[in-house]
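Reviewing the structure listed below.
The values are calculated or read from the model by the stated rules, or taken from the named source; none is laboratory data. Nothing here was measured: the structure is a model prediction, and the numbers come from that model. Backbone-built Cβ (ideal geometry, glycine too); neighbour counts: all protein chains shown.
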C-alpha cells in the first residue's frame, strides 16, 4: 500500500479540549488540555504540517453539546478527503457502559443530560463524505497525583468502529493513562506529539507504534488502536524533508522544533533533552554534557528547579557525568536529584526509581559495591511490583544488580541473575539492543570469573560483534567487552589472541581515556601478563614497570590491581633471570 497525505483543500480537523469543569470536586481540572490543543494545532498547521490553519478548528472548554455540534457538523460536511477529530478531557460511562465526553458543565450523576454522548459524535463522523476519518481520544476520568483516565477504552473501541477510520485511544481496559501534574501535556498526547515531531512523515500505523513505544519506555500504559480499510497509510504529521545524513538527523530535530514552537517551548526542550541522550548513546559524552547542561539551565529558568522534566534532565546529566568518568560529579548530582524526586514525585514514581538505579550503578564505579547492592535490591523489588518483571527499566536494574553481585565476588548469584535477565531481554527487547548486550558482556565476564572460559569466550565474542554493529569502536561498552575477552583468552591459554585484542584495545583506551585512567592501566597490566604467559619476558617487563609506577601513583600501593601487577612483574623478573631488579 502507498502512503498518502491529506489533501489540504479537502481536509478538516476539529480539536476538542475540556480542561476546566464547573463540578471540579468530582471532575478535576486538567490544565494540560489547553496545551494539548495548542501544541497539536501548531504541529498540524506548521509550515511542514499537513493541514491549513483555516481548516483546523479548536474547541476549548465547550459548555454544551451544541457548541461542539455546530463546528463539527460543518467540518464533517466539508471534508472530502480527511477528517480528524481529537478529544482530550474526562471520559464518563453511563449506567449502560456507554461513553460520554465531559463538557465544562458536566455533572457526573447526570451524564446523559450534561455530557456529549459518544454515539452522537460517532454519527457525525460516520455521515461525513471524507474518504479517511481519524479519531483520537485522550479521555481523562479522574486522578490525584496522576489524573487517571477512563477505564473503558476497549468499550470505546467497539463503539468507534467506523468504516474507513483509524481510531486511537489512550489506554486499554482496566489500565490507567496519565496526565502527570506540572507537565505541559498529558502523557499520551505528549508521546503523540513527540513521535510526530521527531520522525517526520510517519504513516498512522507507525505513528501509533512510536507513540506506544514512548509511553511504554516511560512506564505508562500502552494505547489502543483500530484501523479499518487503508486509513493506516495516512501521514498525519509533518511532511518529511530530504533525509539528512545519519549523524545529522538528531541534531536537526531541536532546530525543527525551535522553528515550530520557539526556543523555550517545552517540546523544543524535550527535543534538546533527547538529543543529549542520542549523543550519549553514540559515545559522544562531551557533546551530551554540553546539551544537557544547556537544557537544564533553560528548564530551570522556564519550568522551575523542581519541575519533573527539569529533574529528568538532572538525572540524565548525572548519568552522562558517570559515563564520562566524572564520577564524583555524577554521585553529587544523582544524590541531590533523587532526594528532590522522592519529595516531589514520590518514592515509587518511575523517574525516581530510574535515578535510584543509576545511583546504584555509579556507586559501583567508586568501589562502593555494598552501597550499590543496598540501593539496587529494594529498587528492583519496587519496580517488579509496579512495572512488572519484564519492563525495560526493571530489566536494566536487574542486570545492574547482577553486575554488583559479580563485583562483590558473589559469582554464582551473579550468573543466576544475569542468565535469567539476558534471556528475558533477548526475548522482550531484542538481541541487538545495548541494554541486552550490556548484560551479555557482564554475563560473559562472570563466566570468566567462574573459570568457565569456553562459555565466556563464546558469549563475549558474539556480544562484541553485535556491539560493533551498533556503536563505534571507542564506545565504553565495546572497550569493556574487548578487555574481558582478552583476559578470557589469556586464562584459556590463547596467548596470541589475548595479545592481539589487548594491544588494539589499549591503543583505543590510551587515546580515548588517557594513559593513566584506571581502565587503561588494567588493560596494560593484562597485556603484560599475556606477554609473560607467552614467555615474552622483555615485552612483559617493559610494559609492567611503567604500569606499576602509574598504578602506585593513581590507585595507591595497596590497591588489588597494583598488587597484582607487582606480582606479575616480580615473576617476570625471575623468569628473565633478572633477579637483580627484583622488587
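List of remarks:
- Whichever residue in the stretch 406-416 is in a helix (DSSP H, G or I) and closer than 18 Å to residue 484 by Cβ and, among such residues, is farthest from the chain's Cα centre (by Cα): 411
- Identification of helices (runs of 4 or more DSSP H) wholly contained in the stretch 257-355 with 2 or more residues that are modelled with pLDDT under 85 and touching a helix residue (DSSP H, G or I) at 6+ places or on another chain (Cβ under 8 Å) yields 266-281.
- All told, residue 30 falls short of being in contact (Cβ under 8 Å) with a residue 40 or more places away in the chain and outside any loop (DSSP other than H, G, I, E, B).
- Qualifying residue in the stretch 69-83 (condition: within 22 Å of residue 188 (Cβ to Cβ), at pLDDT 85 or above and part of a helix (DSSP H, G or I)): yes
- Residue in the stretch 446-460 that is over 32 Å from the mean Cα position of the chain (by Cα), surrounded by 16 or more Cβ atoms within 10 Å (Cβ to Cβ) and either part of a loop (DSSP other than H, G, I, E, B) or touching a residue at least 12 places away in the same chain (Cβ under 8 Å) (or both) present: yes
- In the set (1) out of contact with any helix residue (DSSP H, G or I) (no Cβ under 6 Å at 6 or more places or on another chain); (2) part of a helix (DSSP H, G or I); (3) modelled with pLDDT of 75 or more; (4) surrounded by 21 or more Cβ atoms within 10 Å (Cβ to Cβ), the condition left unmet by residue 126 is number (4).
Okay, residues lined up against (1) farther than 27 Å from residue 111 by Cβ; (2) touching a strand residue (DSSP E or B) at 6+ places or on another chain (Cβ under 6 Å); (3) without any contact (Cβ under 8 Å) to a residue 40 or more places away in the chain:
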residue: 11; (1), (2), (3): yes, yes, no
residue: 41; (1), (2), (3): yes, yes, yes
residue: 52; (1), (2), (3): yes, no, no
residue: 95; (1), (2), (3): no, no, yes
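- Selection of the stretch 410-422 for residues being surrounded by fewer than 22 Cβ atoms within 10 Å (Cβ to Cβ) and either at pLDDT below 95 or touching a helix residue (DSSP H, G or I) at 6+ places or on another chain (Cβ under 7 Å) (or both) yields 411, 413, 415, 419.
- Screening residue 476 with (1) modelled with pLDDT under 95; (2) more than 30 Å from residue 423 (Cβ to Cβ) gives one miss only, at (2).
- Residue match in the stretch 36-47 (condition: under 16 Å from residue 102 (Cβ atoms) and either at pLDDT 85 or above or not assigned by TED's automatic domain parsing to the domain that holds residue 125 (or both)): yes
- One residue from 305, 320, 340 being surrounded by 15 or more Cβ atoms within 10 Å (Cβ to Cβ) and more than 30 Å from residue 410 (Cα to Cα): 340
- For residue 375, the conditions (1) at pLDDT 95 or above; (2) within 18 Å of the chain's Cα centre (by Cα) are fulfilled apart from (2).
Conditions (1) more than 36 Å from the chain's Cα centre (by Cα); (2) crowded, with 18+ Cβ neighbours inside 10 Å; (3) within 28 Å of residue 286 (Cα to Cα), marked per residue:
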{"site": "469", "(1), (2), (3)": "no, no, yes"}
{"site": "511", "(1), (2), (3)": "no, no, yes"}
{"site": "534", "(1), (2), (3)": "yes, no, no"}
{"site": "540", "(1), (2), (3)": "yes, yes, no"}
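- The criterion of being crowded, with 18+ Cβ neighbours inside 10 Å and over 17 Å from residue 487 (Cα atoms) holds for residue 550.
- Just so you know, in the stretch 97-111 the residues that are in contact (Cβ under 8 Å) with a residue 60 or more places away in the chain and part of a strand (DSSP E or B) include one that is farthest from residue 8 (Cα to Cα), and it is 99.
A quick yes/no check of all residues on (1) closer than 26 Å to residue 364 by Cα; (2) outside any helix (DSSP H, G or I); (3) in the same structural domain as residue 326 (by TED's automatic domain parsing); (4) at pLDDT below 95:
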position	(1), (2), (3), (4)
485	yes, no, no, no
535	no, yes, no, yes
558	yes, yes, no, yes
574	no, no, no, yes
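- In this structure, residue 393 does not satisfy being free of Cβ contacts under 8 Å to residues at least 60 places away in the same chain and in a helix (DSSP H, G or I).
- For the residues 505, 523, 515, 574, the requirement of being exposed (fewer than 15 other Cβ atoms within 10 Å of the Cβ) and closer than 25 Å to residue 473 by Cβ singles out 515.
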